[in-house]
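Below is one structure, written out as structure tokens; the observations come after it.
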Amino acid sequence: MIDFRFFLEIIPQLLAGLPLTLELAGTSILLGLVLALALALAQQGGNPLAVWPIRLFVAIFRGTPLLVQIFLIYYGLGQFRPFLKEIGLWWLFREPYWCAILALTLNTGAYGSEILRGAIRNVPRGLPEAASALGMSRLLTLRFIVLPLALRAAIPAYGNEVILMVKGTSLASIITLMEVTGIAQGLISQSYRAIEVFVAAGAIYLVLNFTIVRALHALEIRLTPYRSR
Amino acid sequence: MLDKLHLLGFGEGGWGAALLGAALMTLVLSLLGFLLGAVFGSLGAAGRLSKNRLPRALAAGYSTIFRGVPDLLTIYLFYYGGSIALTALANLFGATGFVGLPALATGVMAIGVVSGAYQAEVYRGAYLAVERGQFDASKALALSRYQSLLLVVLPQLIRHAIPGLGNVWQLVLKDSALISVIGLVELMRQSQIGAGSTREPFLFYIAAAVLYFIIAGLTDLTFRAAEARSWRGIAR
């Protein structure tokens, strides 16, 4: 029943999509982290002109499906081609690759900013107070007291977000990018062996996600030596 | 852009009714998938909490696999896999050719399996959050295991599960958009059709986003109300 030769045949084909999956996930997670940090920090002052637009952005990207966001950016904005050409951004919205990265980045930036905002809020209040009593400026306090603690505390929750992003890259296949899921779908519709292809492609994702979870766990332990046993 | 708004209206050439109908389909699909997921989730949680090793391993495997693999891949598994199985079955009974599975059934199945993997974790956590003393008390009252589960544990478990279930529901709602790839005309698919035939993708995807946003917001309020209600009469 189980045909190992078939597995040997499809695994290299599926692995050929792995670089694209990693590229999409890696780029959008890194850019998304920068965006998330910027959004979380911009809300710290409590300035309503900063807080409300960010809240709205976050609510929109968390309240709508990622697929709608990808389609809106790729197909929806494609409608404004003359305007985008005029402002010199057409190269970006023309390519499904950049549209996928943009959608994934904005999406994870919105989710990530909430994680970081919560982590910053959970830093014990006495610490920044002590820092200011020592005469540290707000920037110094942020850099040396608040952020190191908050970023460390955010690792487990951010890890979940990273896994969701890795899974989210599969949606790029719907706008023609042949990453692992896109290749898997092609293989299934050619061979009609859904289970075998699912097992092989699923194993690639599971190994990838397992590696990420272990790596983040190791990072967390390394960054919290005082708590390790 | 604004002069095209009539395309979303209910008059002639308006897509309003079609989009609202499709939004209803999204709601039905998500609800059925979520309920099926509650069945799989309960089984998964029961397995994880079992004293025996086999159900524990099976449930852990189920939960890990379907939370770690992209939902789109799972959807393809059920779409193609279901059709292949059904075709084989039909051929067994003398039918010939390819038999496709109805898109709604496939979608409900796929969403059920994925959300069940997440719900299993929620139910397991909620079960463990029920105070130990409640189990002892029901034993002291000589309630059978079944009675104690049904009358004592479940009502309290639900209270702890509601916030987590609310999160899973939001996930399910957004996942339901992926069912559009197998041709079910729910909100995402209907807006694709509208976008294609009017050549106004921006307008239609914005409309879809707004409808998803409204559904997500209203259902979130429902979960919050349920949560508040479940804690009534309990001092916190």
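The values are calculated or read from the model by the stated rules, or taken from the named source; none is laboratory data. As the structure is a computational prediction, the values presented were derived from the model and not from experiment. Here the Cβ positions follow ideal geometry from the backbone for every residue, glycine too, while neighbour counts run over all protein chains shown. For accessibility, only protein heavy atoms count, side chains too; no ligands or nucleic acids. Shrake-Rupley method; radii C 1.70, N 1.55, O 1.52, S 1.80 Å.
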### Query
Of the residues that make up the range A:83-104, is at least one surrounded by fewer than 17 Cβ atoms within 10 Å (Cβ to Cβ), within 14 Å of chain B (Cβ to nearest Cβ), aromatic (Phe, Trp, Tyr) and free of Cβ contacts under 8 Å to residues at least 12 places away in the same chain?
yes
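Identify, from the list A:200, A:154, the residue that is of a type outside the set (Asp, Glu) and within 14 Å of chain B (Cβ to nearest Cβ).
When all the criteria are applied, what remains is A:200.
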### Query
Is one or more of the residues making up the range B:48-67 within 30 Å of residue B:202 (Cα to Cα) and within 14 Å of chain A (Cβ to nearest Cβ)?
no
### Summary
For residue A:215, the lone unmet condition from (1) in contact with a helix residue (DSSP H, G or I) (Cβ under 7 Å, 6 or more places away or on another chain); (2) farther than 23 Å from residue A:117 by Cβ; (3) of a type in the set (A, V, I, L, M); (4) not in a loop (DSSP other than H, G, I, E, B) is (1)
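Could you please find all residues in the range B:197-210 being of a type outside the set (Ser, Thr, Tyr), closer than 16 Å to residue B:19 by Cβ and facing chain A (nearest Cβ under 9 Å)?
Once the filter is applied, which keeps residues that are of a type outside the set (Ser, Thr, Tyr), closer than 16 Å to residue B:19 by Cβ and facing chain A (nearest Cβ under 9 Å), the range B:197-210 yields B:200, B:201, B:202, B:203, B:204, B:206, B:208, B:209, B:210.
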### Query
With respect to residue B:200, is the statement that it is among the acidic types (Asp, Glu) and over 22 Å from the mean Cα position of the chain (by Cα) true?
yes
### Query
If only one of A:162, A:166 is at the interface with chain B (Cβ under 10 Å from one of its Cβ atoms) and assigned to a helix (DSSP H, G or I), which one is it?
A:166
### Query
Taking the range B:92-125 as the search range and keeping residues that are open to solvent by 40 Å² or more (accessible area, probe 1.4 Å) and among the aromatic types (Phe, Trp, Tyr), which one is modelled with the highest pLDDT?
B:118
#### Entry: Subset of the range B:73-91 [of a type outside the set (A, V, I, L, M) and either modelled with pLDDT under 85 or farther than 18 Å from residue B:174 by Cα (or both)]
B:78, B:79, B:80, B:81, B:82, B:83, B:87, B:91
### Task
Would you please name the residue that is least open to solvent (accessible area, probe 1.4 Å), looking only at residues in the range B:71-91 that are of a type in the set (Val, Ile, Thr), more than 7 Å from chain A (Cβ to nearest Cβ) and more than 13 Å from residue B:103 (Cα to Cα)?
B:74
### Query
What do you reckon, is residue B:38 more than 14 Å from chain A (Cβ to nearest Cβ), open to solvent by less than 50 Å² (accessible area, probe 1.4 Å) and farther than 24 Å from residue A:194 by Cβ?
yes
### Query
Could you say whether any residue in the range B:5-17 is at pLDDT 95 or above, open to solvent by 40 Å² or more (accessible area, probe 1.4 Å) and away from chain A (no Cβ under 14 Å)?
no
#### Entry: Considering residues of the range B:216-236 that are loosely packed, with under 10 Cβ neighbours inside 10 Å and of a type in the set (D, E, K, R) only, the residue modelled with the highest pLDDT
B:232
### Summary
Pairs returned, first residue in the range A:62-73 that is within 8 Å of chain B (Cβ to nearest Cβ), second residue that is of a type in the set (Lys, Arg) and assigned to a helix (DSSP H, G or I), beta-carbon separation under 6 angstrom, 6 or more apart or interchain, are A:65/B:174
### Filtered residue count, the range B:44-59, keeping only those that are part of a helix (DSSP H, G or I) and farther than 15 Å from residue B:122 by Cβ
6
### Query
Do the conditions hold for residue B:181, that is, is it open to solvent by less than 70 Å² (accessible area, probe 1.4 Å), touching a Leu at 6+ places or on another chain (Cβ under 9 Å) and either more than 7 Å from chain A (Cβ to nearest Cβ) or in a loop (DSSP other than H, G, I, E, B) (or both)?
no
### Output for the range B:184-200, where each listed residue is open to solvent by 20 Å² or more (accessible area, probe 1.4 Å) and in a helix (DSSP H, G or I)
B:189, B:190, B:192, B:193, B:196, B:197, B:198
### Summary
Looking across the range A:203-227 at residues that are more than 14 Å from every other protein chain (Cβ to nearest Cβ) and of a type in the set (Gly, Ala, Ser), the single one that is surrounded by the most Cβ atoms within 10 Å (Cβ to Cβ) is A:215
### Query
Name the pairs whose Cβ atoms lie under 9 Å apart, with the first residue in the range B:162-175 and more than 13 Å from every other protein chain (Cβ to nearest Cβ) and open to solvent by 40 Å² or more (accessible area, probe 1.4 Å), the second acidic (Asp, Glu) and in a helix (DSSP H, G or I), and 6 or more positions between them or separate chains?
B:163/B:227
### Message
I'd like to check something: does the range A:187-194 contain any residue that is open to solvent by 70 Å² or more (accessible area, probe 1.4 Å), assigned to a helix (DSSP H, G or I) and closer than 17 Å to residue B:78 by Cβ?
### Response
no
### Task
Output the residues belonging to the range B:117-150 that are under 20 Å from residue B:41 (Cα atoms) and aliphatic (A, V, I, L, M).
B:117, B:120, B:122, B:126, B:128, B:129, B:130, B:149, B:150
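Do the conditions hold for residue B:186, that is, is it under 18 Å from the mean Cα position of the chain (by Cα) and within 13 Å of chain A (Cβ to nearest Cβ)?
Yes; evaluated as a whole, the condition is true for this residue.
Evaluate the following for residue B:156: is it more than 9 Å from every other protein chain (Cβ to nearest Cβ), of a type outside the set (Phe, Trp, Tyr), more than 14 Å from residue B:22 (Cα to Cα) and in a helix (DSSP H, G or I)?
yes
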